[in-house]
Amino acid sequence: MREKIKIKILQALLEEVTKKYDDSITEKEKLLQKMFEMAVNDSLTGLYNRQYMQNYLLNLIKKAKRNKNEKFAVIFLDLDNFKSINDSFGHNKGDEILKEVANILKNSFRECDLVSRYGGDEFVIIVENPSFEVLDNLKSRLRNIIETEFKDFGISVSIGFSCFPKDISNVKDEEEIINKLLTIADNRMYENKKERKDKKLS
């Protein structure tokens, strides 16, 4: 009888220890997940941050070097007239709009595409194996969605993109390729902004 009681007590203790161990593992997993999200996500919008985007781009370039048929585009997107939102309505409203834009972008691209916040009101999206027609359609579609959604605030978008390997010639260093792709996309975005501004003035 005493042996049975001892066994039951030991079983109960074992179950309690196992439960505490499982709870401890779960808490550690949650903590690690939270730390990972803090490291790779933008704290305001929940999109991937600039650092993660650049690491992703680096891995994509390495992959493309192994597979010559691999291609991708880097899309640079900047909100037009966003500064006036912060000036007229305050930074809280500005933050709210950035979150809404982030959701629009997430819903406008495939799960396999990477959407990131580059900083301020700038976003970078990486699209694998795109066609020029798809990219051109994306520009029009995104502009229409954002202009319609925020018509009361006069917000629009300027968009530019660069393509790998089309826009990269005789560049071997991976960091240099990243910088060149981002610079080309950024420059084309500003060209797009200027063209649209000039059209409004003419």
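The values are calculated or read from the model by the stated rules, or taken from the named source; none is laboratory data. Just so we're clear, the structure is a prediction, and the values are computed from it rather than from any experiment. Cβ sites come from the backbone with ideal geometry, for glycine too, and all protein chains shown count toward neighbours.
Some observations on this one:
- Qualifying residue in the range 65-78 (condition: assigned to a helix (DSSP H, G or I) and modelled with pLDDT under 90): yes
- Those residues of the range 88-121 which are among the basic types (K, R) and closer than 15 Å to S43 by Cα, in sequence order: K99, R117
- Check on E195, of a type outside the set (A, V, I, L, M), without any contact (Cβ under 8 Å) to a residue 12 or more places away in the chain and within 30 Å of N86 (Cβ to Cβ): yes
- Positions within the range 71-101 being touching a residue at least 60 places away in the same chain (Cβ under 8 Å) and touching a strand residue (DSSP E or B) at 6+ places or on another chain (Cβ under 9 Å), in sequence order: K71, F72, A73, V74, I75, F76, L77, D78, L79, D80, N81, I85
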